[in-house]
Structure formats: structure tokens, C-alpha cells
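Quick notes on the structure that follows.
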Amino acid sequence: MSSSDRPHLRRRTLLAAAAGALVAPAFAGSPAHAAVPKVYIDPGHGGTDPGAGANGLQEKNLTLAISLQARDILLGYGGVEVRMSRTSDITRSLAYRTDDANAWGANLFVSVHINSGGGTGFESYRYTAPGSGDIALHNALHPRVLAGMRSIGSVTDRGQKSANFHVLRETTMPAVLTENLFIDTLADANLLKRADFITAVARGHAQGIAAYLGLGGTTPPAYSTIVDNATAGRFTASGNWSSSAYSSQRYGTEYRFADPVLASDSAWFKVNIPAAGNYRVDVWYPADPGYNSAAPHVVATASGNQTVHVDQRSGGGAWRSIGTFNLAAGDRDLVGVSRWTSAPGYVIADAVRVTRV
Ligand SMILES: [Zn+2]
């Protein structure tokens, strides 16, 4: 018996009493919610349940990437707590997800999914017998996620729908489930492959949740900058780093390369971070089967240097995210490509992009 077939006493009786008290913004108007609001974000699938898969993508990875960034952006507003059903690639039952949110006392629940089955576009769901909180959350979330998507590309609005999904029925708080494009439709998959699209979808979720909660402040201003190895005053490297225009996958007219050696001798990209916050760092390199499989990239974060190893043998000629980092404000050497790796092959320093999320 599937979990969606469970008989349900369900929360609707609980919500009925409170339904009349809600005003816009729905959450802020309710005196019962005077404490710091608790947001539960549920990245669909995970672990042994990959969800849908097509076009080289797996639903469980996309839902986690969107949810982690949505959490980080939401925490940037302040005055909110966020809990997630998972923060890594682990298996969670549907019952775990709703039991955990209910036990924690979440004030709202958002489940993030990717669609499949041959359609295109964005749709979202609330329960078939919604409370007014479900409707208010749905109305706040749907247009903001859609607007985020449309800031990057053309996306069909499939509308706000209702369904008897487990996570919508068994949660005792307002709940919405989003289906963020179709993994098995090429045009949709091509958007889902873009780091800037994932960030825009995450930002839309955070903005919708913040609007529903009536959180003060606004989303951080958009900021994105690219530093190339030829950008004046923003790239430094020792004479051990040579220039090349050999690969057509280069960013700009040339890139730098150096032999690996057991010493740092980093090439540095300098970035002026406008304000403390969370930023995604993307790197661009030309790939070659003979390049380094573990090129160390050092990011100077607010809590110290973090190193991410990049396989430069493949995936070149495009922006590749190496993660989202909390960064302090200020102008400094921010991203370094170190030569310190025991893996063979040239390490490459070409360009970095830093985007506020
Ligand atoms: Zn799903």
C-alpha cells in the first residue's frame, strides 16, 4: 500500500478554527505566530529514490540544489528558521518528511520537484481541500518562482493546481509542492542545466516564502561579475604560469596554465564583493584529457579558505559552479587556482564568475 493511500484524519479540522483569522500577509497577521517563523523545505526524492531522470539529469540532484540555495537565500533575510528533510543525497520516506515537519512545528512546508512525462513549463500544487493558509502560500509562491524562471528563459505557466499528494495531505501546516520544469523535455532540461537558472528558481522560492511570511527587507540586490585572466588589475600569477590560446574552449583570448607542483603558487582572481552574503562561484576553463583531474580552487570565504577540486579533463568551455559560499564584503583575492596537487596534467586558470544568490 502506498503511503498516499493512508486513511487520513488529517489536519483540516485543525486548520478550520484558524482559517478566519488570516490576513495578508497571511503569516504575519496571525498572533499565534509571534515567534520566529519556521520554514520546512523538502527537496524531493534522494538516495535510493532518484526521482525522474533524463537528458543527463536526475531529479533528486536538482531538487537538492534548488532547495539548498533557497534555504541560504531565505536565511539572508534574517528572522526565520529553516529545516530541511535532507541536505545531502540520502533516502527519506514520505512519512518521514511530513512527520518531521509536523513534529518540528513548521509554519509552512514547501516541497521541490522536477516534472516528467513530456510536457513543458512550471506548475505547482496545493491540497485538494485547502485551508486559507495553503491558498495564501500558493498565491505568494507560484508567481515568484515563475518570474524567477522567466528572468532566465522562456517558461510556460501551467498554473496553480491541486492534488491529493501525501506531503500536501499529511502536513499540518500550509503546504505547496512545486514542479520545476520537465526533465525529459530538452528545452526544459537545457534550462535546468544552467547554474543561473537553478539560482533564479531558488530565489523565486525564497521570495515567495518571504512574501507569505511578511519578512522584512527585500531580496539582496542582484550582483554578478566576471574576472578573466586578462582583466586589468584583477588577475595575478607568478611567472610559472604560461599563457595559451591553444584551446577553442577558452574564455576570452587566452588562458593560463602551469605544471602541478607540491607548492601553492596560486593564480588569483580579485573580486570586489559589495556586501556580506551568499555568492555562487562559477569557474570557466578549457578542458583537455591531459589537463588536471583535481585542480585545487581556493575560495576566501568569511570563515576562511575553502578548497574545491575541479576535474579539468572534461566539462570545459562553460560556466561550472564550484559552490555557494558566505563571503565578507571587500575587494580582495577571492578565488585562487593552486598548483598544489599530486594529480598529473596542467592546472588551468581562465575565468571566474561570482553571483549573489
Ligand atoms: Zn518528484
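For the stretch 288-306, name all the residues that are under 9 Å from Ile348 (Cβ atoms) and buried (at least 19 other Cβ atoms within 10 Å of the Cβ).
Within the stretch 288-306, Tyr291, Asn292, Ala295 meet the criteria.
Taking the criterion of being assigned by TED's automatic domain parsing to the domain that holds Ala175, modelled with pLDDT of 95 or more, more than 14 Å from the ligand (Cβ to nearest atom) and open to solvent by less than 20 Å² (accessible area, probe 1.4 Å), would at least one residue in the stretch 11-25 satisfy it?
No, every residue in the stretch 11-25 fails to be assigned by TED's automatic domain parsing to the domain that holds Ala175, modelled with pLDDT of 95 or more, more than 14 Å from the ligand (Cβ to nearest atom) and open to solvent by less than 20 Å² (accessible area, probe 1.4 Å).
Considering each residue of the stretch 276-287, count those that are open to solvent by 30 Å² or more (accessible area, probe 1.4 Å) and either farther than 16 Å from Val335 by Cβ or touching a His at 6+ places or on another chain (Cβ under 8 Å) (or both), and give that number.
Count: 1.
Among the residues of the stretch 62-77, are any among the acidic types (Asp, Glu) and at pLDDT below 95?
Scanning the stretch 62-77 turns up at least one residue that is among the acidic types (Asp, Glu) and at pLDDT below 95.
Per-residue answers, yes or no, for (1) under 19 Å from Tyr291 (Cβ atoms); (2) part of a loop (DSSP other than H, G, I, E, B); (3) not hydrophobic (A, V, I, L, M, F, W, C):
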site	(1), (2), (3)
Val227	no, no, no
Asn240	yes, yes, yes
Ser247	yes, yes, yes
Arg250	yes, yes, yes
Phe257	yes, no, no
Val261	yes, yes, no
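Being over 16 Å from Gln207 (Cβ atoms) and within 16 Å of the ligand (Cβ to nearest atom) is the filter here; which residues of the stretch 60-79 pass it?
Lys60, Asn61, Leu62, Thr63, Leu64, Ala65
Which is in the same structural domain as Arg194 (by TED's automatic domain parsing), away from the ligand (no atom under 16 Å from the Cβ) and over 18 Å from Ala200 (Cβ atoms), of Leu168, Leu137, Leu177?
None of the others qualify; the one that does is Leu137.
Does Ser124 fit the bill of being open to solvent by less than 10 Å² (accessible area, probe 1.4 Å) and either within 16 Å of the ligand (Cβ to nearest atom) or over 21 Å from Gln69 (Cβ atoms) (or both)? Steps first, answer last, please.
On the way: open to solvent by less than 10 Å² (accessible area, probe 1.4 Å): yes; either within 16 Å of the ligand (Cβ to nearest atom) or over 21 Å from Gln69 (Cβ atoms) (or both): yes.
Here the answer is yes, as Ser124 does meet what is asked.
Which pairs turn up if I take residues in the stretch 44-56 that are in a loop (DSSP other than H, G, I, E, B) and of a type outside the set (Asp, Glu) and look for partners that are more than 10 Å from the ligand (Cβ to nearest atom) and open to solvent by less than 50 Å² (accessible area, probe 1.4 Å) with beta carbon separation below 7 Å, at least 6 apart in sequence or on another chain?
Asn55/Ala189
From Pro174, Pro130, grab the single residue that is at pLDDT 95 or above, over 26 Å from Asn61 (Cβ atoms) and surrounded by 24 or more Cβ atoms within 10 Å (Cβ to Cβ).
Pro174
Does Ser111 satisfy the criteria of being within 16 Å of the ligand (Cβ to nearest atom) and open to solvent by 20 Å² or more (accessible area, probe 1.4 Å)? Let's see the steps before the verdict.
Details: within 16 Å of the ligand (Cβ to nearest atom): yes; open to solvent by 20 Å² or more (accessible area, probe 1.4 Å): no.
It is false that Ser111 is within 16 Å of the ligand (Cβ to nearest atom) and open to solvent by 20 Å² or more (accessible area, probe 1.4 Å).
Against the conditions (1) within 16 Å of the ligand (Cβ to nearest atom); (2) at pLDDT below 95, where does His45 fall short? Just the number, please.
With respect to (1) within 16 Å of the ligand (Cβ to nearest atom); (2) at pLDDT below 95, His45 is out only on (2).
Any idea which residue in the stretch 71-107 is surrounded by the fewest Cβ atoms within 10 Å (Cβ to Cβ), counting only those that are closer than 23 Å to Arg169 by Cα and of a type in the set (Gly, Ala, Ser)?
Ala103
With the requirement that a residue be open to solvent by 30 Å² or more (accessible area, probe 1.4 Å) and under 13 Å from the mean Cα position of the chain (by Cα), what does the stretch 44-70 give you?
The answer is Asn61, Ala65, Leu68.
The values are calculated or read from the model by the stated rules, or taken from the named source; none is laboratory data. It should be emphasised that the depicted structure is a prediction, and the values quoted were computed from it without experimental measurement. So basically every Cβ, Gly included, is an ideal-geometry build from the backbone, and we count neighbours across all protein chains shown. In case anyone asks, the SASA skips ligands and DNA or RNA and just uses the protein heavy atoms, side chains included. Shrake-Rupley method; radii C 1.70, N 1.55, O 1.52, S 1.80 Å.
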